[in-house]
Amino acid sequence: MSWERLKQVARGAAVRKRSSVLVRNIRAHEWRQYRAIRLAALSNAPEAFGSTFEAEDNRSDEEWRVRAAAAAAGQDRGLYVAADRNGSWHGMAGGFTPGEPPADVDVVSMWVAPEARGRGLGESMLHAVADWAVGRGFRTLGLWVTEGNEPALRLYERCGFIATGDRQPLPSSPDKDELRMLLDVAD
């Protein structure tokens, strides 16, 4: 285990102890909670996602079941949630393969509920996605972040992501740009 990795594990454990929130993989039967948190995220921060509330709200129950089961299986995607002892979810972050080159895995669906921000949940969820990627032999995480989303940019920079200079229109709102960031997770 590398020194960087050891620090990440220690930081994640400290966050869990301090906040009583555990970051864990979604379970297949939790599709209703997944739907609820995804819609809450899209409602709270529509400019942070490539999809829209309307598009996601129109998905069938079966589509949500399939998405939750695929994320729980963890083969080509993983979805991590920040859940408290009562079972309430306070955030989510996912990883998806194959990533868009030069990334092996793209971080997607990153969101922390407003009332839970500032407690280290974002870092813990990103570390969970990184662990998932490393466990599958991947070396590089990538993500797109909406230009002007300063809290998200600061989070990603704290976690070691570096801006590439690449930009593209935000799929859900083409009048806004998103910026590409990468993180090398190889030991």
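Side notes on the structure shown:
- Count of residues meeting criterion [within 14 Å of the chain's Cα centre (by Cα) and part of a loop (DSSP other than H, G, I, E, B)] in segment 75-103: 2
- Test: Ala82 is buried (at least 24 other Cβ atoms within 10 Å of the Cβ), closer than 18 Å to Tyr156 by Cβ, modelled with pLDDT of 90 or more and not hydroxyl-bearing (Ser, Thr, Tyr): yes
- Selected residue [out of contact with any Gly (no Cβ under 8 Å at 6 or more places or on another chain), more than 17 Å from Ala45 (Cα to Cα) and among the hydroxyl-bearing types (Ser, Thr, Tyr)] from Thr164, Thr140: Thr164
- In segment 111-138, the residues that are closer than 10 Å to Val185 by Cβ form Cβ pairs under 7 Å with partners that are of a type in the set (Asp, Glu), at six or more places apart or across chains, as follows: Ala133/Asp104; Phe138/Asp104.
- Options Gly87, Gly118, Gly50: the member that is surrounded by fewer than 20 Cβ atoms within 10 Å (Cβ to Cβ) and in contact with a Pro (Cβ under 6 Å, 6 or more places away or on another chain): Gly50
- Among the residues making up segment 92-110, those that are surrounded by 22 or more Cβ atoms within 10 Å (Cβ to Cβ) and in contact (Cβ under 8 Å) with a residue 40 or more places away in the chain are Met92, Gly95, Ala103, Ser109, Met110.
- Any hit, segment 5-16, residues being at pLDDT below 95 and assigned to a strand (DSSP E or B): no
- Selected residue (criterion: nearest to Ser51 (Cα to Cα)) from residues of segment 104-157 that are in a loop (DSSP other than H, G, I, E, B) and in contact with a Ser or Thr (Cβ under 8 Å, 6 or more places away or on another chain): Asp104
The values are calculated or read from the model by the stated rules, or taken from the named source; none is laboratory data. In this text, all values refer to a predicted model and were calculated from it rather than measured experimentally. We place every Cβ from the backbone using ideal geometry, glycine too, and count neighbours over all the protein chains shown.
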